[in-house]
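Visitor: Handing you a structure now.
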Amino acid sequence: MSDTYLNLVNSGFTKELSKKLGLPRPAILRRFDPSRPLVPGPVLVLGKSTAADELSRLLLGWDQDVRRHATPKEKLGAILIVLDDAAAPADLGEPTLATGAALRDLAPGGRVITVSRPAAEAQDPAAAAARQGVDGTLRSIAHELRGGATANGIVLANGVQATAPSVAAALRFLLSGKSAYVSGQFITVGSDAGELPADWNAPLAGKVAVVTGAARGIGAAIARVLHRDGASVIVVDVPAAGEQLAKVANEISGTALQVDITREDAADRILTHAVERYGHLDIVIHNAGITRDKLLANMDEARWGSVIAVNIASQLRMNETFLASAGFSPEGRIVSLASTSGIAGNRGQTNYAASKGGVIGMVRATAPLLAPRGGSINAVAPGFIETDMTAAIPALTRQVARRLSSLQQGGLPVDVAETISFLASDSAAGVNGQVVRVCGQNMVGA
């Protein structure tokens, strides 16, 4: 569903009227367009560590204009704050205040990105305080940005260098329009695993991916983006959605498989299809999910059981089969759809929240099983996304839900799909067991 208010405050006389009335004016977000630059202006790199020098060289290698000191009145495409050497809270002051002075020059759709170390891995209380301080600082900056700009962080686990492939992949994702609806989030790079693509515009070239629940909405968007990024895609959905599923498959030159993922043999059927058609399976996207909302006091067994069966039990069962099969690549990647409801809960969604919280638990527990073989598993937690499901929400409630995030609007299915494609790439292999929220920072404290 189109956001009429968003369109009105960004065009014609209503744009000027909204300015005069002081109404909220959500910006049209800078989304990925391969014909446009990676960032809409020079990148200001702040910090004095070796990592700051290494990341500056990386950006120069991508033909970006890099500044190590701000030039007054020069519009900036991004600000990169490298704080991996912060040893005490006092170390945050200079670079953070320099960032504040440069924020007025940040272009619409600009990016602020921190690079830091995890507080939990610090041995010294002062270092832990500084590292945790980065968390609060970055999330606060994200709340203060306007014009569709976002702020996110990259956390380097101890021992991981700024030259690691997944650091480059995360930085490029967060700088680009692919992260348009990701804000106030941290991506932890836990290892040096990963391999940079020969072509950043085709990071999934040669890969075979399966997407469940792909007949419409977010699932169809995921299939389209994976195909755009070079993968051969198998789209899966229930037989009742067969006609729409075939349309998606034809659109992306993929293949369709009608199967109910709650069946005991669902994973075997997917593997058989993938091996017979393509010879192997590299990427699994667990997107299929349902809602059966009801206040817990009125919840019946059917509503509870069906949501658990589709949203989490099926994934657990299929993953067990995939990981035991030679048909699933040893370096296979799994990305599961969680939800902000699984993190913060939601009224009337105890069953849904239990299932999505379960997805997060499954991802964290499965990550160590995949790491030794070079694989990875991560989760994406969407917030308010413009889909058929959210279009059914009463109009006033829908408007309020849209404006609650820092970006003051709902996300699009493609925003979820872009994040999934990033996590499914070999260049992101060092990101494992993570949950990335695609919610425009609509959760308080996140």
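The values are calculated or read from the model by the stated rules, or taken from the named source; none is laboratory data. Only a predicted model underlies this, so the values are computations on that prediction, with no experimental measurement involved. Neighbour counts are summed over all protein chains in view; Cβ atoms, including those assigned to glycine, are modelled from backbone coordinates with ideal geometry. Ligands, DNA and RNA are excluded from the accessible area calculation, which covers all protein heavy atoms including side chains. Shrake-Rupley method; radii C 1.70, N 1.55, O 1.52, S 1.80 Å.
Visitor: When residue 161 is evaluated against the numbered criteria (1) assigned to a helix (DSSP H, G or I); (2) under 18 Å from residue 45 (Cα atoms), which criterion, by number, is the only one it fails?
Guide: Exception for residue 161: condition (1).
Visitor: Could you go through the stretch 261-270 and let me know if any residue there is at pLDDT 95 or above and closer than 28 Å to residue 31 by Cα.
Guide: Step one: filter the stretch 261-270 for residues at pLDDT 95 or above, giving 261-270.
Now narrow it down to the ones that are closer than 28 Å to residue 31 by Cα: none.
No: the stretch 261-270 contains no residue that is at pLDDT 95 or above and closer than 28 Å to residue 31 by Cα.
Visitor: State all residues of the stretch 93-119 that are under 19 Å from residue 162 (Cα atoms), open to solvent by 10 Å² or more (accessible area, probe 1.4 Å) and among the hydrophobic types (A, V, I, L, M, F, W, C); if no residue qualifies, say none.
Guide: 119
Visitor: May I ask you to say which residue of 101, 27 is closer than 30 Å to residue 409 by Cα and part of a helix (DSSP H, G or I)?
Guide: 101
Visitor: Here's another thing I want to ask about it. Report, by residue number, each residue of the stretch 30-59 that is over 24 Å from residue 229 (Cα atoms) and either surrounded by fewer than 19 Cβ atoms within 10 Å (Cβ to Cβ) or among the small types (Gly, Ala, Ser) (or both).
Guide: In the first step, residues of the stretch 30-59 are kept if they are over 24 Å from residue 229 (Cα atoms); the result is 41-57.
Result: 41, 47, 48, 49, 50, 51, 52, 53, 54, 56, 57.
Visitor: Also, I was wondering about something else. Against the definition (within 24 Å of residue 440 (Cα to Cα) and open to solvent by 10 Å² or more (accessible area, probe 1.4 Å)), how does residue 194 come out, yes or no?
Guide: Considered against the rule, which asks whether it is within 24 Å of residue 440 (Cα to Cα) and open to solvent by 10 Å² or more (accessible area, probe 1.4 Å), residue 194 comes out as no.
Visitor: Looking at the stretch 321-373, which of its residues are free of Cβ contacts under 8 Å to residues at least 40 places away in the same chain, surrounded by 19 or more Cβ atoms within 10 Å (Cβ to Cβ) and of a type in the set (A, V, I, L, M, F, W, C)?
Guide: First, pick out the residues of the stretch 321-373 that are free of Cβ contacts under 8 Å to residues at least 40 places away in the same chain: 324, 326, 341-342, 345-346, 353, 357, 361, 365, 372.
From what is left, the residues that are surrounded by 19 or more Cβ atoms within 10 Å (Cβ to Cβ) are 341-342, 353.
Of everything in the stretch 321-373, just one residue is free of Cβ contacts under 8 Å to residues at least 40 places away in the same chain, surrounded by 19 or more Cβ atoms within 10 Å (Cβ to Cβ) and of a type in the set (A, V, I, L, M, F, W, C), namely 353.
Visitor: Within the stretch 114-123, can one find any residue that is over 23 Å from residue 440 (Cβ atoms), over 26 Å from the mean Cα position of the chain (by Cα) and part of a helix (DSSP H, G or I)?
Guide: There is no residue in the stretch 114-123 that is over 23 Å from residue 440 (Cβ atoms), over 26 Å from the mean Cα position of the chain (by Cα) and part of a helix (DSSP H, G or I).
Visitor: A follow-up question, please. Mind telling me which of the residues 159, 148, 206 ends up being buried (at least 21 other Cβ atoms within 10 Å of the Cβ), of a type in the set (Gly, Ala, Ser) and more than 13 Å from the chain's Cα centre (by Cα)?
Guide: Values: 159 fails: buried (at least 21 other Cβ atoms within 10 Å of the Cβ); 206 fails: buried (at least 21 other Cβ atoms within 10 Å of the Cβ).
Among 159, 148, 206, only 148 is buried (at least 21 other Cβ atoms within 10 Å of the Cβ), of a type in the set (Gly, Ala, Ser) and more than 13 Å from the chain's Cα centre (by Cα).
Visitor: For the stretch 408-446: of the residues being open to solvent by 10 Å² or more (accessible area, probe 1.4 Å) and at pLDDT below 95, which is nearest to residue 33 (Cα to Cα)?
Guide: Among those that are open to solvent by 10 Å² or more (accessible area, probe 1.4 Å) and at pLDDT below 95, it is 408.
Visitor: Could you list, in sequence order, the residues of the stretch 225-240 that are out of contact with any helix residue (DSSP H, G or I) (no Cβ under 7 Å at 6 or more places or on another chain) and open to solvent by 10 Å² or more (accessible area, probe 1.4 Å)?
Guide: Filtering the stretch 225-240 down to residues out of contact with any helix residue (DSSP H, G or I) (no Cβ under 7 Å at 6 or more places or on another chain) leaves 227-228, 230-231, 238-240.
Within the stretch 225-240, 227, 228, 230, 238, 239, 240 meet the criteria.
Visitor: Okay, moving on. From (1) in contact with a strand residue (DSSP E or B) (Cβ under 6 Å, 6 or more places away or on another chain); (2) at pLDDT below 95, pick out the condition that doesn't hold for residue 293.
Guide: Failing condition for residue 293: (1).
Visitor: Here is a check on your reading of the model: is residue 84 charged (D, E, K, R), on the phi < 0 side of the Ramachandran plot and buried (at least 18 other Cβ atoms within 10 Å of the Cβ)?
Guide: yes
Visitor: Give the residue, chosen from 382, 330, 372, that is within 19 Å of the chain's Cα centre (by Cα) and not hydroxyl-bearing (Ser, Thr, Tyr).
Guide: Details: 330 fails: within 19 Å of the chain's Cα centre (by Cα); 372 fails: within 19 Å of the chain's Cα centre (by Cα).
Going through 382, 330, 372 in turn, the sole match is 382.
Visitor: With respect to residue 179, determine if the residue is within 12 Å of the chain's Cα centre (by Cα) and not basic (Lys, Arg).
Guide: Taking the combined requirement at face value, the residue satisfies it.
Visitor: Return yes when residue 98 is touching a residue at least 60 places away in the same chain (Cβ under 8 Å) and touching a strand residue (DSSP E or B) at 6+ places or on another chain (Cβ under 9 Å) and no when it is not.
Guide: No, not satisfied.
Visitor: Are there any helices (runs of 4 or more DSSP H) wholly within the stretch 316-431 with 3 or more residues that are farther than 27 Å from residue 171 by Cβ, and if so which?
Guide: 341-344, 350-370, 388-391, 395-403
Visitor: Specify the residue that is farthest from the chain's Cα centre (by Cα); the eligible residues are those in the stretch 385-409 that are under 23 Å from residue 111 (Cα atoms) and aliphatic (A, V, I, L, M).
Guide: 404
Visitor: Among (1) open to solvent by less than 20 Å² (accessible area, probe 1.4 Å); (2) outside any loop (DSSP other than H, G, I, E, B), where does residue 133 come up short?
Guide: Only one criterion is unmet by residue 133, namely (1).
Visitor: Across the stretch 241-300, what is the number of residues that are in contact (Cβ under 8 Å) with a residue 24 or more places away in the chain, open to solvent by less than 50 Å² (accessible area, probe 1.4 Å) and polar (S, T, N, Q)?
Guide: 3
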